[in-house]
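Below: the structure, in structure tokens.
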Amino acid sequence: MKKIHAAITGIQGYVPDYILDNKELEELVDTNDEWIVTRTGIKERRILKGKKGSSDLGAEAIKGLLNKTNTSAEEIDLIICATVTPDMLFPSTACLIADKIGAENICAFDISAACSGFLYALTTASKFIESGSYKKVIVVGCDKMSSIVDYTDRTTCVLFGDGAGAVLLEPNTDGLGIMDYILKSDGSGGEFLKMKAGGSLHPASHETVDAREHFVYQDGQPVFKKAVKSMADVSEEIMQKNNLSSDDIAWLVPHQANKRIIDATSRRMGVGDEKVMLNIERYGNTTAGTIPLCLWDWEDQLKKGDNLILAAFGGGFTWGSIYLKWAYDSKK
Ligand code: UT7
């Protein structure tokens, strides 16, 4: 019997309309366009306005995906949602999304791995396909980062934006799809990138609100140092493990946290800029959304059989890479 791989057979992104550019941020905090662009590569990000949550971002992406792939909600076996900005602690955002798209009685759950969330979720989903348990699985990365960003803190508010991306995974027996993965974590790094309160350790109280502990906290430099090394290491590791040279790689699809981290990764892999998906200037860091948003933006350039390396680093710390063979020529 031929080996079953989990292949991406459709991709769709969703970003809200409102554009928060560097100029507007200059009015909110002591920053400037030049600093933001040279230190991060970001020019603008999208913001979801109104009483809406990450599930709305995710549901929009999935509705577009179902439409584009001629798939009905009843056909979906499983939804895995990667997010650090769930609508609420429970129910899971995946359950809320399933309801919004009209998928009833299906398996649905969230994965929390911060900026590596999409890679963790994609790997988990692939196991349900490879085992033969499920035939149509949706993985969605969605984050309304603006809901946890402190717009008085210049060290974090310039970095993040809102967005979502969803993929449809199906079995493939022609040697296409997810070939390999490496996922890692180091909980000792948790202190450098976290939301201090709102969980069981420090439940919400007047004190936690006054201390602004319900926002993203990041000590940028240690995170930067670890990200540069880990994302490059894990990308090199997956290439070596699969005997891939830089010439074999069609695309690097990196998490979009900082252009300098991405450059360090592509340099280590020996992959030229022309093979690196980069949209950080338009969306900023959308956490679990960055990688599927890149795939969506580049979909029309992807060809069947292309070797892609997906790589991410984020809170936890968590990091990882996925090697996949793209399964279809663009439908656009
Ligand atoms: O996606 C999840 C994982 N996260 C990441 O991978 C992010 C990793 N970290 C980074 O990308 C970078 O550390 C940052 C972009 C967050 C910061 O860049 P940096 O080059 O590490 O800057 P820094 O924190 O060392 O700050 C340098 C200076 C400081 O001023 P002094 O102390 O030298 O006077 C900061 O106060 O830049 C100042 N600064 C700013 N200036 C203007 C910090 N933020 C800003 C700002 N505008 N927005």
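Expressed to the nearest 5 percent, the antiparallel share of DSSP beta bridges inside the chain is 70 percent. Relative to the Cα centre, the charge distribution of the range 179-325, modelled as +1 at Lys and Arg Cβ and -1 at Asp and Glu Cβ, gives a dipole magnitude of about 160 debye. Excluding same-chain neighbours fewer than eight residues apart, the lysines reachable from Lys2 by a Cα-Cα span under 18 Å are Lys127, Lys135, Lys325.
Dipole magnitude for the range 5-176: computed about the Cα centre from +1 point charges on Lys and Arg Cβ and -1 point charges on Asp and Glu Cβ, it is near 240 debye. Measure out, as a whole number of angstrom, how far apart the alpha-carbon centroids of the range 254-302 and the range 87-133 sit. Centre-to-centre distance over Cα atoms comes out at 23 Å.
The dipole here belongs to the chain: it is taken about the Cα centre, uses +1 on the Cβ of Lys and Arg and -1 on the Cβ of Asp and Glu, and is about 600 debye. Residues in the range 179-325 average 43 Å² of solvent-accessible surface per residue, probe 1.4 Å, ligands and nucleic acids excluded. Can you send over the carbon and sulfur percentage of the accessible area for the range 179-325, probe radius 1.4 Å, protein chains only? Carbon and sulfur atoms account for 49 percent of the accessible area of the range 179-325. In this rough spin-label picture, where each label sits 7 Å from Cα along the Cβ direction, the Asp210-Lys2 distance is 6.6 nm.
According to the square roots a ≥ b ≥ c of the eigenvalues of the Cα gyration tensor, what is the shape class of the range 5-176, taking rounded for a/c under 1.5, prolate for a/b larger than b/c otherwise, and oblate for the remainder? Note, shape of the range 5-176 comes out prolate. Spherically averaged projected area of the convex hull of Cα atoms, the chain: 16.4 nm².
Using only helices, what value at 222 nm comes out for the chain when you add -39,500 (n - 2.57) per DSSP H run of length 4 or more and divide by the total residues, to the nearest 500 deg cm²/dmol?
Values: 11 runs with 108 residues, N = 332.
One gets -9500 deg cm²/dmol as the mean residue ellipticity at 222 nm.
Considering only Phe313, Thr93, Val137, whose Cα is most displaced toward the positive end of the charge dipole of the chain, charges sitting on Cβ of Lys, Arg (+1) and Asp, Glu (-1)? With unit charges placed on the Cβ atoms, the residue in question is Val137.
GNM on the chain, alpha-carbon springs under 10 angstrom: the most fluctuating residue among Met195, Met231, Met145 is Met195.
At 25 °C and a viscosity of 0.890 mPa s, what translational diffusion coefficient does Stokes-Einstein give for the range 179-325, taking Rh as the Kirkwood radius over Cα pairs? Give it in µm²/s as a whole number.
Numbers: Rh = 16.3 Å.
Answer from the Stokes-Einstein relation: 150 µm²/s.
The values are calculated or read from the model by the stated rules, or taken from the named source; none is laboratory data. Computed from a predicted model, the values in this text were never measured in an experiment. Cβ sites come from the backbone with ideal geometry, for glycine too, and all protein chains shown count toward neighbours. Keep in mind that these areas ignore ligands, DNA and RNA; they rest on the heavy atoms of the full protein, side chains included. Shrake-Rupley method; radii C 1.70, N 1.55, O 1.52, S 1.80 Å.
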